[in-house]
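Visitor: Mind looking over this structure? Questions follow.
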Amino acid sequence: MTTRINFNGEIGPDAFISVLDHGFLFGDSVYEVVVTQNGLPCFMKEHLRRLRNSADGLTLTIPWSDEKIMEQVARTVIDAGNSESYIRIIVTRGMGDLDIDPTSCSNPELIVLVTELKNYPASSYEKGINVALVSIKRNAKDTVNPGIKTGNYLNNVLAKVESNHMGAQDALMLNHQGHLTECTTSNFFFVCDGRVQTPSLSCGILAGITRDVLLQLAQENGILIEQGEWPPESLAKAEEAFITGTVKKVMPVTHLDGKPVADGQPGPVTRRLMRLYDSALEMEGKGSA
Ligand code: PDD
């Protein structure tokens, strides 16, 4: 496994950031996680759009063009030379005064971290995972909006710690209205009465790129996915559940709070959507999507 880090254009095995960078001091940064297929970064246009949108949400101006960022990503991927890559693109506020006010930071930093893509074990896809409903709430939309992907993930870290204590692989969070939102680094879907349902963006979630691709694939293939607001009680009747994310792809959730979802096996709708998403990734790897 080779890890290469590109720090403002300089590539090396590691990189060191100033402790005066507000990304370090206050979590004042934004990031994206991208994976490659056949060595090509997948859904790059969508990730860069979301990176800019997140930066806008923090009034952080990204001074580099998409082409410039893509060039740095390509250089780093080639330099690392892994067969498939995990790519983390980070833009921090940059160095400034030891003060929360970001106006003293005039030079954002661009970091592109590339390492070997480690897939989740096959058993996670064959048997599914256990997700726990945790007491930690997803951030309210009028705090650090969950719709923007900032470098401040502490709420999700706490949710993950809680799910670890509950013996689960991930945590499902509610919002302050008591509606289902998402997991710590993935979006959540469930199937009830044969209908696929997922919390809408208005619940306060990240607009996942995998989620978007899946919504589109479902539409093209005649599978209806409803977006809405659901209390956790709706999960009592769930026939299937799954999560989506760039690294996890489409992963079945066969246990909720340790109790089986229906027969505790990945269901037919989940399996179909897993296949559809794998085909979409293959297309990305051919550069033809
Ligand atoms: N996480 N929700 C949250 C809170 C996330 O952090 C992520 C992504 C998603 C899924 O988004 P996407 O399909 O675009 O990956 C949903 C990345 C993978 C991470 O932080 O590692």
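The values are calculated or read from the model by the stated rules, or taken from the named source; none is laboratory data. What you see is a predicted model; the values in this text were computed from it and never measured. Quick reminder, even Gly has a Cβ in these numbers, built from the backbone with ideal geometry, and neighbours come from all protein chains shown. Please note that ligands, DNA and RNA were not included when accessible areas were found on the heavy atoms of the full protein model with its side chains. Shrake-Rupley method; radii C 1.70, N 1.55, O 1.52, S 1.80 Å.
Visitor: What base-10 log of the normalised intensity I(q)/I(0) is obtained for the chain from the Debye formula, alpha carbons as equal point scatterers, at q = 0.09, 0.13 Å⁻¹?
Guide: -0.45, -0.93
Visitor: Can you tell me the length gained on complete extension of the stretch H176 to R271, counting 0.36 nm per residue apart and subtracting the Cα distance?
Guide: Contour length minus Cα-Cα distance gives 31.0 nm.
Visitor: Alpha carbons only, please: Rg and Dmax for the stretch 4-116, in angstrom.
Guide: Over the stretch 4-116's Cα set, Rg and Dmax evaluate to 13.9, 44 Å.
Visitor: What accessible area per residue, rounded to a whole number of Å², is obtained for the stretch 4-116 using a probe radius of 1.4 Å?
Guide: On the way: 5450 Å² over 113 residues.
Computed with neighbouring chains in place, this is 48 Å² per residue.
Visitor: Given a 1.4 angstrom probe, what's the average accessible area per residue across the stretch 122-285, in square angstrom?
Guide: Result: 43 Å² per residue.
Visitor: Mind giving me the nanometre distance, one decimal, between the label points for N119 and E226, set 7 Å out from Cα along Cα→Cβ?
Guide: Going by the 7 Å Cα→Cβ label model, 3.4 nm.
Visitor: Then there's this: Running Debye on the stretch 72-169 with equal point scatterers at the Cα sites and no solvent, what base-10 log of I(q)/I(0) appears at q = 0.12, 0.14 Å⁻¹?
Guide: Values, matching the q order: -0.68, -0.89.
Visitor: Given the pairs K68/K248; K45/K118; K118/K149; K160/K237; K68/K137; K45/K127, which span a C-alpha to C-alpha distance of over 31 angstrom in this model?
Guide: Violating the 31 Å Cα-Cα cut-off are K68/K137; K45/K127.
Visitor: Let me ask you something else. Give me the extension gain from D278 to K45: residue separation times 0.36 nm, minus the current Cα-Cα distance, reported in nm with one decimal.
Guide: 82.0 nm
Visitor: A further question on this structure: Evaluate the distance, in nm, between pseudo-label points positioned 7 Å from the Cα of T143 and of D56 along their respective Cα→Cβ axes.
Guide: Once both label points are built, they end up 2.5 nm from each other.
Visitor: Jot down the per residue volume, in cubic angstrom and as a whole number, of the convex hull over the alpha-carbon atoms of the stretch 148-282.
Guide: Given the Cα convex hull of the stretch 148-282, per-residue volume reads 108 Å³.
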